[in-house]
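The values are calculated or read from the model by the stated rules, or taken from the named source; none is laboratory data. Because the structure is predicted, anything quoted here is derived from the model rather than measured. Don't worry about glycine lacking a Cβ; one is built from the backbone with ideal geometry, like all the others, and counts go over all protein chains shown. We work out accessible area using only protein heavy atoms, side chains counted, and drop any ligands, DNA or RNA first. Shrake-Rupley method; radii C 1.70, N 1.55, O 1.52, S 1.80 Å.
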Amino acid sequence: PDVRDENSRRVRAIIESSNYIPNNSARDLVRTKSDAIGLVVRGRSNPFYTDIIRAIEQGITERGYTMVMQQIGTSDDEVKRAAVMEREKRLRGLILLGEMYSSVSIEDEEAAYRAVMELYRRGHRRIAALVSRPDDRSISQLRYQGYARALADCGLPLEEGLVLCAGSYDIRDAYDAARRALNAGADFTALFAIADNMAIGAMRALHETGRRIPE
């Protein structure tokens, strides 16, 4: 509004003749804040976030902002990554998508116990478990404890070779853990996976090695 009409017309004519497109990165250098909204997603291969991310991006775009997304591993520090993003991108806002601030509580050990007992009820006696780690002092350990308690109550031994440790909840890591166990000759008729992501990775490994996957 503080530019004279003559100068404005000259600038607009040059823009049109040169097909000029504004460089948002350059514009951001002289702004105290950008038009970007940051999104930090925990879990690089979690397919359950796809629709959520799409909806977030749509909402951000409709309001005239730009989404800047970073995906981190399940054990990475999302708050630290978000702080770096804010400093580098001068964000207008920030969204953390992951498990750190969940308000839903699950009775992890008891739920795992019931799942393994159901497999036993269906006739399985060699039941493997796919966990992140059995001693992570978190969800994985609790669900592993439920698995171990169910085996004990059913009179089944806890075999080290039937505990598959992926090291994370990622699909790829679960796939690799299942392939290692199968290649090593692990003998089981049922597999208890402590997370849906991990079950997907295990199912792929089973399929590729010709194992039957129940309906």
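Structure values in brief
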| quantity | calculated |
| --- | --- |
| Qualifying residue in region 64-73 (condition: in a loop (DSSP other than H, G, I, E, B), more than 21 Å from Asp170 (Cα to Cα) and either basic (Lys, Arg) or modelled with pLDDT of 95 or more (or both)) | no |
| Residue count, region 124-166 (criterion: open to solvent by 50 Å² or more (accessible area, probe 1.4 Å), at pLDDT 95 or above and not in a helix (DSSP H, G or I)) | 7 |
| Some residue of region 25-38 being closer than 23 Å to Asp170 by Cβ, modelled with pLDDT of 80 or more and assigned to a strand (DSSP E or B) | yes |
| Criterion (in contact (Cβ under 8 Å) with a residue 40 or more places away in the chain and under 24 Å from Ile106 (Cβ atoms)) met by exactly one of Ala174, Ala166 | Ala174 |
| Flag for Arg179 being assigned to a helix (DSSP H, G or I) and over 25 Å from Phe48 (Cβ atoms) | no |
| Residue within region 98-112 that is part of a helix (DSSP H, G or I), charged (D, E, K, R) and surrounded by fewer than 17 Cβ atoms within 10 Å (Cβ to Cβ) present | yes |
